[in-house]
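**Q** First the structure, then my questions, so here it is.
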Amino acid sequence: MKKILEVRGLTKIYGSGCPRCISATGPAHDTNVCPHCGTVVAAHDVAFDLHEGEILGIMGESGSGKSTVVKTLFFDDKPSSGSARFHDGEQVQELFDLNPAEQRWLRNHKFGMVYQNPNLGLNFNVSAGGNIAERLLMNDLRHYGDIRDRARQLLARTEVLSNRMDESPKRFSGGMQQRVQIAKALATRPPLLFLDEVTTGLDLSVQARILDLILEIQQELNTAMIVVTHDLGVIRLLAGRTLVMKYGRVIEAGLTDQILEDPQHAYTQRLVASAL
Amino acid sequence: MEPRLRIENLSKRFVLHEQAKTIPSCEDVNLSVYTGKLTALVGPTGAGKSSVLKCVYRSYLPTAGRMLYRNDLGTVTDLAQASDHEVLTLRRNDIGFVTQFLHCLPRKSALDVTCEPLIARGTSAHEAHEEGKRLLRCLKVPERLWGVPPATFSGGEKQRINLARGLIARPRLLLLDEPTASLDPGTTDNVISLLQDIKQDGVALLAIFHHPELVSRLADNVFELTPPLTTPNLQETTLS
C-alpha cells in the first residue's frame, strides 16, 4: 500500500506563545492552556502516516486537538509548525509550503471535507444541486447539462431524493444535509477525505446509514479518510488504525482493535472502560 | 522444515493504571506452528490461551518475546515489532482469526459478512459470493439466513458465519479460538472435515479446543499452558 499523507511535528498554538508553553501543557498537566502566558496549545507534535484507501480514526474529547489536525490539513487553519507531505501519484507536495492558490486547487480537486456543522460545508443560499455544481465548476466541468447530471448522480448515490435537488439544503433534515455534504465532498472523487464528527447529533438510525454510506464509498472509490470523532462506536466501525488525543497531544496510536481491547494509556483505559 | 510461526518467550501482562495493578496473562510461552499442521493450545481457563492468539494477531501488544512469522517467500517478520501497517497487510493476506464471538458490521447480510475478506483482497463480488455460498452450505447454515444480518442469529449460527468468514480467504496461518464451542455434533463433524481440508491445503493452524476428543482428532502438536503465578505479593506492583 502506498502512502498518501505523511504528517510530522504538526503544531498549532493560539496566542503569543512563550518558551514554557510546551513543557507546561499536555496530558501530564491536565491542560492545554499555558499557565505562564495563556496561550492555547491546540495540537503539538502530531505525527502519522496515512496510506491509500485507509481509514484513520482520531479520537479524543472536546479540546483534545483532533479537529485542529484536520483543519490545518484542509487549509482551514494555518499550523504553527510542522510538515505534511501529500503524495499525488508521482508528485509529492509539502502542503504547508504551498501558496494560497495552490492550496485552494488541492482543496477543490484532491481533498474533501465533511463538517459536523453543515453550515460550514454547504452554502444555504443555493440549492443542494447548486452546492455540488459549485465544486464541479471549480473542477473545470462547464456544460450545464453535464453538471446537472453529475449532481443528480451524486445525490442519488448518497440517497438524497433527486426531486429535491433544487431546494435549499436549509430545508433538509440534519441527516440529509450530511448526505449533501458527502455528495459535494465526493464530487471530484478526491483520494483524501476528512470527516469531522459527521454523525454527532444525528439520531441512531440516521447515524447508522451515514456510516454505511461512508464505508461503501471507501470500498468503491478506495478513498483514504481521516475520521475525527469522540464516539468509540464510530471508530470501531470505520477505522483500521486510531490515534488517541488528549490536551493537544497524541497519547496513543495503534490498530483500532488493539486500542479498544488492550489500551496502554491510563486515559484510553478509562475511556474504553466507561464506554463498553 | 522451518515453522510458519515460532513464538519465543512470549509474555503478556496487563497494566491497569486505574487500579495500579499488573495482571499477568501468559508467561514465557514457546511454541511453533507448521505448514499443514495444527498446533493445539490446551490448559485450564485463565491459562492465557486466548491471549496468545490475540498477541499473534496483535489485538494485544505483547509485553515480551518474539513471534516470528515466515511468509511463503521465506521472509520472516517479528509480529511483536511489526508496524501497524505491516500487521494490517498480513491480516489481509496471510493471517486469519476466528474468535469465539462474531464481530461484524451491523446491517450487512450473513453472506456479505462471510465474503468480506475475499472482497477486501480484490476478488470479484460474484466469485466471492459463490465461494461464500459453498462454505455456508458446507457448514449447514440454512439458506433462508444468508440474506439476513447475523445480529439476530443463535450462538451456533453466528459461530458458523464466523468460521466461514475465517476460512474463505484461505489464510496461510489461521488462529482459531474454540471454533466448535456452540455447535451440535453433526456440524462439529463438518467443521472437523473442513479443517482437515485446509490442513491439506497447507494452512498452518493454531487452535484452542476444550474437548480432548477434538484435540486428538485434529492436532499434530499439543502445547499445554499453565496459568501464570497469581500470588498477590508477587504480581501486584504498585505503579508510581
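Each reported figure results from applying straightforward, stated rules to the coordinates on display, with no laboratory input. Every value quoted in this text rests on a predicted model; they were computed, and no experiment measured them. Cβ: placed from backbone, ideal geometry, glycine included. Neighbour counts: every protein chain shown.
**Q** Can you list the lysines whose alpha carbon is less than 20 Å from that of A:LYS170, not counting same-chain residues fewer than 8 positions off?
**A** Those lysines meeting the cut-off are A:LYS184.
**Q** When a footprinting reagent is the concern and you count Cβ atoms within 10 Å, what order do A:HIS36, A:HIS87 take, fewest first?
**A** The order, fewest Cβ neighbours first, is A:HIS36, A:HIS87.
**Q** Now a separate question. Based on other C-beta atoms within 10 Å, arrange A:TYR14, A:TYR115 from fewest to most.
**A** By the 10 Å Cβ count, ascending, the order reads A:TYR14, A:TYR115.
**Q** Then there's this: Mind checking B:99-108 for the average number of partner chain beta-carbons within 10 Å of each residue's beta-carbon?
**A** 2
**Q** Arranged from highest to lowest average of other beta-carbon atoms within 10 Å per residue, in what order do the peptides B:109-121, A:204-216 appear?
**A** B:109-121, A:204-216
**Q** For segment A:119-189, what's the radius of gyration and Dmax over Cα atoms, in angstrom?
**A** Every Cα atom of segment A:119-189 included, Rg and Dmax give 10.6, 31 Å.
**Q** Continuing with the same structure: Given the rule -39500 (n - 2.57) for each run of at least 4 DSSP H residues, summed and divided by the residues of chain B, what is its mean residue ellipticity at 222 nm, to the nearest 500 deg cm²/dmol?
**A** -10500 deg cm²/dmol
**Q** May I pose another question? Exactly which trypsin sites (Lys or Arg not before Pro) in segment A:43-135 are in a DSSP loop and have at most 13 other Cβ atoms within 10 Å?
**A** In loop regions of segment A:43-135 (DSSP not H, G, I, E or B), there are no sparsely surrounded trypsin sites (Lys or Arg not before Pro).
**Q** On to the next question. From the P(r) of segment B:117-229, can you give the percent of Cα pairs sitting at distances over 22 Å?
**A** Percentage above 22 Å: 36.
**Q** Related question: If every alpha-carbon in segment A:1-77 counts as one equal scatterer, what log10 I(q)/I(0) does Debye give at q = 0.12, 0.21, 0.24 1/Å?
**A** -0.38, -0.96, -1.15
**Q** How far is it, in nm, from the label point at A:PHE124 to the one at B:ASN93 when both lie 7 Å from their Cα along the line to the Cβ?
**A** 5.0 nm
**Q** Which part of segment B:19-42 falls in the paramagnetic zone of B:ARG217, meaning amide N under 20 Å from the point 7 Å along Cα-to-beta-carbon?
**A** B:36-42
**Q** Apply the a/c threshold of 1.5 to the C-alpha gyration tensor of the protein assembly as shown and tell me whether it is rounded, prolate or oblate.
**A** Because a/c hits 1.5 or more and a/b fails to exceed b/c, the protein assembly as shown counts as oblate.
**Q** Oh, and also: Of B:TYR69, A:TYR267, how do they rank once you tally other Cβ atoms within 10 Å and put the fewest first?
**A** By the 10 Å Cβ count, ascending, the order reads A:TYR267, B:TYR69.
**Q** Counting only other chains, and only Cβ atoms inside 10 Å, what mean value do you get across the residues of A:252-259?
**A** 4
**Q** Sort largest first and round to whole Å: the equivalent ellipsoid semi-axes of segment A:94-158, each the square root of five times a Cα gyration tensor eigenvalue.
**A** 23, 16, 10
**Q** Please label the shape of segment B:1-119 as rounded, prolate or oblate, based on the square roots a ≥ b ≥ c of the eigenvalues of the alpha-carbon gyration tensor (a/c under 1.5 means rounded; beyond that, a/b larger than b/c means prolate, else oblate).
**A** Cα axes put segment B:1-119 in the oblate bin.
**Q** Please state the equivalent ellipsoid semi-axes for segment B:102-170: what are the square roots of 5 times the Cα gyration tensor eigenvalues, largest first, in whole Å?
**A** Working from the Cα gyration tensor, I get semi-axes of 17, 12, 11 Å.
**Q** Another question, then. Whole angstrom only: what separates the Cα centroid of segment A:1-46 from the Cα centroid of segment A:199-276?
**A** 22 Å
**Q** Which of these, B:THR152, B:THR39, B:THR188, has the largest mean-square fluctuation under a Gaussian network model of chain B (Cα springs below 10 Å)?
**A** Result: B:THR152 has the largest fluctuation of those listed.
**Q** Just tell me which lysines come within less than 26 Å, Cα to Cα, of A:LYS12; anything on the same chain fewer than 8 places away is out.
**A** A:LYS3, A:LYS66, A:LYS71, A:LYS78, A:LYS110, A:LYS246
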